[in-house]
Amino acid sequence: MTDSVANEVPAAVEPRRVLLITSVATFVAFLDMSVVNVAFTDMYQSFPGTKLSTLSWVVSGYAVFFAAVLTPVGRYADVFGRKAVFVWSLLGFTVASALCTIAPNVEFLIGARALQGVAAGGMIPAALGLVLGSYPVERRVAAVAAWAAASSAAAAFGPALGGVLVWAWDWRAVFLINVPVGLLAFVAGLAWLPEIRPQLRVRPDPVGAVLVGVGVGAVVVGLTQGGDWGWTSAAFLVTTLGGVVLLVLGILRSLRHPVPVFEVKLWADRKFAAASGVSFLFGIAMYAWLLACPLWTIVVWKYSVWEAGLANSPGAFTAAIGAGVVGRSKNPDIQRIATVLGAILFGISGILFATLLDAHPAFLAVWLPVGLLSGLAIGLLMTAVSSAAATSLPQANFASGYGMSMTARQMGGGLGIAAFAAITVSVTTGWLDGLHAVFWFAAAAMVPVVVAALPMTGPPLVEAEPAAGAGAESALTEGVV
């Protein structure tokens, strides 16, 4: 069923404030996916005697819980209010960050990271739902481009910021920095964000929420830990296949339930389905790439942590350029064009790294120009896919629909981590050849990405105005970017 969306805010909504607050929260949420990677060695030294397999849950635990709650919490945000879900998730993320900072042992740290992941998974779909609900249709692509640029910048700046913070203090600084930023965004969100609620507030299927959430989480756990457990081990097979079974049961239940947590009907839209498919496929390559690049500079070229962080940051600037190109273009087919172009450029970047890099550092000659090219590719592709998914959604499903699309990307990311582990383990001649193989893999993965992007076309979805007295989300569209 589709709920009418009621306007419960003053007529004068300032969309730019909504965009700023949600972008700040999005930046810190995605920052915590990449910033911890460069702090991992320092954490290992702080907890002597801890097994690497245990400590790895500081990284993977966040990703697992983030992926698990994206779809169900996004659906609840659409039903019970996007502002409420966003601001309280933001506060939870801030508290969890403070708990990470004071963690006395690794078990406490892993638990706090899990809470961070849950809170981040609540923030992201609600954030985009607020942005989409605050802009008119003709400005949504530009707004989504600006919002998506925050996540691209976080992924690119994460290694550099993490390296500097660890160098200046220690690993606790990468979490402490979230606290003042989160508190400021929380206060601003309470004061300035609009609330968007449906008039008919029926609770989505709680059983379906559990099935989908646990299923997604189990699949991501299996894929990310398969390299450690063994790809034929009982732990891998039970966790991954069990997760798939639960996810399928959740989807089947959603097909019959009047208020499903997993909006299967959204997949009937060709543009949304294509965008989600691209998110999944590109997530595989991107996550493997994001692991390979810092490792190359640290393991092969022997850079320090902060040097490696800085070396992997220039792509953030070209990613912002790519996002701006998509956001400002008036071409009605820009989303498909930018996705295909971004995939081609990313594939070229992988081929150049695989053929030109060797054991001798070549930052200016190879690393910098190719890093700028790959950043441009990521900015073009990720912004185009995000805006395509977002602008193909009906108003009542902004948060839940984008949560579904983001879940696809996170599941692809889990598969990318698994692919990275499988490739590097299978290449027995050393890190240099293993990472070369990962770059070749990332380049080859762009072929299915291009194929999946071909149906990703069509104008933004424009719904008829609700009947008089029903309230309208379009009343929130005062102002532009």
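Near Gly162, once Lys and Arg are set to +1 and Asp and Glu to -1 for all other residues with Cβ below 10 Å from its Cβ, the sum equals -2. Our summary gives region 1-133 a relative contact order of 35 percent, counting only alpha carbon pairs under 8 angstrom and 6 or more residues apart.
Assuming 1.002 mPa s and 20 °C, estimate D for region 1-138 with Stokes-Einstein, Rh taken as the Kirkwood radius over Cα pairs, in µm²/s. Rounded, D is 132 µm²/s.
For the chain, the relative contact order is 28 percent, taking Cα pairs closer than 8 Å that sit 6 or more residues apart in sequence and dividing their mean separation by the residue count. Multiplying each eigenvalue of the alpha-carbon gyration tensor of region 165-307 by 5 and taking the square root yields semi-axes of 34, 28, 16 Å, largest first, rounded to whole angstroms.
Mean projection of the Cα convex hull over all viewing directions, computed for region 295-362: 5.3 nm².
Here the peptides 48-55, 294-301, 103-110 are ranked by packing, the mean other Cβ count within 10 Å, and the order with the highest first is 294-301, 103-110, 48-55. Treating each Cα of region 376-451 as one equal point scatterer and applying the Debye formula with no solvent, the log10 of I(q)/I(0) at q = 0.18, 0.24, 0.26 Å⁻¹ comes out as -0.85, -1.14, -1.21. The count of lysine pairs in the chain with alpha-carbon distances below 30 Å, taking only pairs 8 or more places apart or on different chains, stands at 5. Could you report the accessible area of Met33 in Å², rounded to 10, computed with a 1.4 Å probe on the protein chains as they sit in the structure? Ignoring ligands and nucleic acids, Met33 comes out at about 30 Å². Calculated [222 nm] ellipticity per residue, helices only, for the chain: -25000 deg cm²/dmol; basis is -39500 (n - 2.57) per DSSP H run with n ≥ 4, divided by all residues, nearest 500. Going by accessible surface with a 1.4 Å probe and the largest first, Glu263, Glu14 read Glu14, Glu263. For region 72-139, a simple Cβ point-charge model (Lys and Arg +1, Asp and Glu -1, everything else neutral) yields a dipole of about 120 debye relative to the Cα centre.
Taking every Cα-Cα distance in the chain and sorting them into 10 Å bins from zero, the calculated P(r) comes out as 4, 21, 33, 28, 12, 3, 0 percent. The candidates Tyr62, Tyr76, arranged from most to least accessible area with a 1.4 Å probe in the full protein assembly, appear as Tyr76, Tyr62.
Taking 7 Å steps out from each Cα toward its Cβ at Val238 and Leu255 produces label points 2.9 nm apart. Applying the criteria of a DSSP loop state and at most 12 other Cβ atoms within 10 Å to the trypsin sites (Lys or Arg not before Pro) of region 311-410 yields Lys330. Each 10 Å bin from zero up to the one holding the largest Cα-Cα distance in region 253-311 carries the following percent of pairs: 20, 25, 20, 16, 16, 4.
Only protein atoms count toward the accessible area here, which uses a 1.4 Å probe; on region 96-178, the carbon and sulfur part of that area reaches 72 percent. Solvent exposure of the chain amounts to 37 Å² per residue of accessible area, where only protein heavy atoms count and the probe is 1.4 Å. Solvent exposure of Arg16, expressed as accessible area, is near 140 Å², computed with a probe of 1.4 Å over the protein chains only. Most tightly packed first, judged by the mean number of other beta-carbon atoms within 10 Å of their residues, the peptides 235-244, 436-445, 337-346 read 337-346, 436-445, 235-244.
The values are calculated or read from the model by the stated rules, or taken from the named source; none is laboratory data. None of the values given here were measured: they were computed from a predicted structure. All Cβ positions, glycine included, derive from the backbone under ideal geometry; neighbour counts span all protein chains shown. Each accessible area value is taken on the protein alone, full model and side chains, heavy atoms only, with ligands, DNA and RNA left out. Shrake-Rupley method; radii C 1.70, N 1.55, O 1.52, S 1.80 Å.
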